[in-house]
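To start, the structure under review is shown below, and the notes come after it.
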Amino acid sequence: MEKIIIHGGRRLKGEVAISGAKNAALPLLFATLLTGGRHCLDNVPALRDIHTAEQLLTTLGASVERHGSRFEVEASHLNHVEAPYDLVRTMRASVLVLGPLLARLGHARVSLPGGCAIGARPINLHLKGLEAMGARIELSHGYVEARARRLRGARIYFDLPTVGGTENLMMAASLARGTTVLENAACEPEIVDLAQALTRMGARIEGAGSDRIVIEGVDELHPLQYSVMPDRIEAGTFMVAAAMTRGDIRLRGARPGDMEALISKLREAGAEVTVLDDGLRVQGNRHIRPVNIKTLPHPGFPTDMQAQFMALMALAEGTSVITESVFENRFMHVCELQRLGADIAIEGSTATVKGSRGLVGAPVMATDLRASACLVLAGLAAENTTEVARIYHLDRGYERIEEKFRQLGASIERVKA
Ligand code: UD1
């Protein structure tokens, strides 16, 4: 097992290139299951979750070739319809094969993901939507088995906006007979990216990015040629790093339009955020002001930035209140931040953070992907040495993170534990 060792307290300065978005690349890779031919996807980040997606595509009978950040997928002869437990367990987004397999082959068998570190995360809304489109769904032996001769368009109302559910149904509806209307759909930028890619494949989709998406099913799609959007959560993590270390970081390729809630909260906290032609610049301020946040579906403050923002608030000159409203159990980083000296009290879905002058390094343990990023940020700003264990969580979603931070002047290294 590997761990990350950080000697904190340095101001981070310089430029960092933002990688392709994990949460956009995963549905795009699974969209290749919708049709045969040679698909070509550029700007795919090198991450553990992407490797899991590659394994899943291969298990289903597709062949995948990587050339740096370019992926070529050939999915003409799929010979399996099952996403096995071992893969779904390591990456929940594997359930996104359900819509494409069902739409193309009329049959899919996907392991139920079960609970995960940040909550129960059911897929009932994915299944309800597919049933409305005519799929017969059975649950047995921990698997969802779905069958349909050909899916038909339907009007689907999501009880709450689900990113994965919207993506699964958008892919399924692209090959269904007739029109599908998704109401109370998720509006995340990754949904817009997927809709753009599907449209290039010949799908007819309107309204992606709003809460009402209309998909006119077509009989056939063409292979995908697309470049994945930049990762707004990776960008956001570096932005918070600039604010926490009183640094000055340029983020090449970051798209400000995807990150308005975060930009506005960072400005409230005293950081200077400037929009550049090819990205963003964030300059930290000596005085960090306390700011309240509440996580919400896009365009609200993203739950995937909550842990990192809490690390920043641990250094604020005053008390802030952080409310997590998307997932029910997403405060596991709190105990670890406390080990670095943060003063945080949790009550239900609310954390009250009393900012302090500084954090002091200690050994800590990562519990999930974004919690790990929060601990790395805290370590970069803390005095002395911080050791972050269980960094395999970090490798699921951040490409070469220690190398990128080192380029900005951090003292950070990965060692075998
Ligand atoms: C995606 C992101 C994840 C992010 C999350 C919220 C990917 C690969 N992952 O996850 O990084 O944190 O969006 O922005 O893109 N829910 C149900 N029933 C369902 C589906 C969801 O009750 O059928 C609930 C979930 O438990 C959660 C909320 O809806 O409370 C939002 O979940 P959802 O948007 O589906 O998240 P994911 O797509 O899993």
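What follows draws every value from the coordinates through simple rules; no lab data is involved. These numbers were taken from a predicted model, which means no experiment stands behind them. Note that each Cβ is placed from the backbone with ideal geometry, even for glycine, and that neighbours are counted across all protein chains shown.
Quick notes
- Ala417-Thr274 pseudo-label distance in nm [points 7 Å out on the Cα-to-Cβ vector]: 4.1 nm
- Largest first and in whole Å, the equivalent-ellipsoid semi-axes of the chain read 38, 21, 20, each the square root of five times a Cα gyration tensor eigenvalue.
- Neighbour-limited loop hits for trypsin sites (Lys or Arg not before Pro), the stretch 281-363 (at most 10 other Cβ within 10 Å; DSSP other than H, G, I, E, B): Arg286, Arg357
- Highest mean packing comes first when the peptides 310-322, 133-145, 372-384 are listed by Cβ atoms within 10 Å, giving 372-384, 310-322, 133-145.
- Modelled spin labels at Glu317 and His287, positioned 7 Å past Cα toward Cβ, are 0.4 nm from each other.
- Modelled spin-label separation between Thr385 and Glu216, with each label point placed 7 Å from Cα along the Cα-to-Cβ direction: 6.4 nm.
- In this structure, Arg150 and Arg38 have a Cβ-Cβ separation that, at R0 = 25 Å, corresponds to a calculated FRET efficiency of about 0.50.
- Cross-linked pairs Lys128/Lys294; Lys22/Lys128; Lys3/Lys404: Cα-Cα separations exceed 23 Å for Lys128/Lys294; Lys22/Lys128.
- Estimated from the Cβ-Cβ distance and a Förster radius of 25 angstrom, the FRET efficiency linking Glu131 and Arg89 is about 0.55.
- Normalised contact order of the chain, rounded percent, pairs of Cα under 8 Å and 6 or more residues apart: 21 percent
- Principal-axis tilt of helix 232-244 within the chain, Cα atoms, nearest 10 degrees: 10 degrees
- Note on Cys335 and Arg204: the extension gain reaches 42.4 nm, defined as 0.36 nm multiplied by sequence separation minus the Cα-Cα distance.
- Charge tally around Gly106: other residues with Cβ under 9 Å, Lys/Arg +1 each, Asp/Glu -1 each, net +4.
- Axis of helix 48-59 versus longest Cα principal axis of the chain: the two differ by about 20°, to the nearest ten degrees.
- Charge tally in the Cβ shell below 12 Å around Met365, where Lys, Arg are +1 and Asp, Glu are -1, Met365 excluded: 0
- For the stretch 35-83, the Cα-based Rg and Dmax, in that order, read 10.6, 28 Å.
- Rounded to 10°, Cα long-axis angle of helix 189-200 versus longest principal axis of the chain: 30 degrees
- Environment charge at Leu315 (Cβ cut-off 13 Å; Lys +1, Arg +1, Asp -1, Glu -1): +2
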